[in-house]
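As structure tokens, the structure follows; a few thoughts come after it.
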Amino acid sequence: MTASPGGWIKLTWIICNGLAVVSTLVCLFYLYRACRPARPKWPLLSIALIGGTTVVTIWQFFSPELLAALRRDPDALRAGEWWRLLTALFVQPDGVGQCLANGALMLMFIPAAERLYGGRMLIVYFAAGVAGQLVNFIWSSGSGGSSTAIFGVMGSLLLYVVMNRARLRRPFQFIAHLGLLAAVFMMVLRDGNGVGLIVGAALASLLVTREVVFRSPQEAK
């Protein structure tokens, strides 16, 4: 019995999303070992962003009107309410599962990006998030969620590894490129998260990073 084309597409989508997340997670743990900020600071912007998103997300379960007002509604966007591309990043229309998944990804990746990019992390988050929401609107996919912005932050972490290849161990270069390649396939599958990741990586290539101290490859093992 052969799988339907739709089944293969869904399986490929799952694999590509998983590969992007796992690749970024591996690179993240390595970066925590391989480098540290010269002047460590509390990730206050990350705390504010995660806290604000959490408050709005919890509130949506007690106020369906709030979700309706903030989600990415196609008819409202066509009527000119383009601000919904931004507010859609603060609600999770797919329910508890989306809340838990996006919440975990935010906790893992956003403070790490602020550690390396400082406040410029917010540029990546919101620009990549809005870009992902826009293409999802064009592709008629979903109605909101933080994942397009989170994947943008993931792209900035993968790009950091690529940009500092002379100072970091070679196997992690391969892993970072694998995550970026997975995002390209996600774009082919019309997934806004892939767009968010690539946009985040592109923006990160233009940003000034915080001053960090790199350990030798032997010390970072």
Original post:
Dipole magnitude of the chain about its Cα centre, charges +1 at Lys/Arg Cβ and -1 at Asp/Glu Cβ only, in debye to the nearest 20?
Top reply: 1000 debye
Subject >> Cα shape, the range 63-161, gyration tensor, a/c 1.5 rule >> reply: prolate
Original post:
Relative contact order of the chain: what whole-number percent is it, with Cα pairs under 8 angstrom and at least 6 residues apart?
Top reply: 30 percent
**OP:** Sum -39500 (n - 2.57) across every DSSP H segment of at least 4 residues in the chain, then divide by the residue count to get the 222 nm mean residue ellipticity, nearest 500.
**Re:** -23000 deg cm²/dmol
Original post:
Check VAL212: other-chain or 5+ apart residues with amide H under 5 Å from its amide H, H built from backbone geometry?
Top reply: ALA38
Original post:
Going by alpha carbons, how many degrees (0 to 90, nearest 10) lie between the helix axis of 44-62 and the longest principal axis of the chain?
Top reply: 20 degrees
Original post:
Expressed as an acute angle from 0 to 90° and rounded to the nearest 10, what is the orientation of the C-alpha long axis of helix 147-163 relative to the principal long axis of the chain?
Top reply: 20 degrees
**OP:** Could you tell me whether the range 6-89 comes out rounded, prolate or oblate from its Cα gyration tensor? Rule is a ≥ b ≥ c as square roots of the eigenvalues, rounded for a/c under 1.5, then prolate if a/b exceeds b/c, otherwise oblate.
**Re:** oblate
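No lab work stands behind these numbers, since they all come straight from the coordinates. From a predicted model like this one, the values you see are computed outputs, not experimental measurements. Positions of Cβ are backbone-derived with ideal geometry, glycine not excepted, and every protein chain shown enters the neighbour counts.
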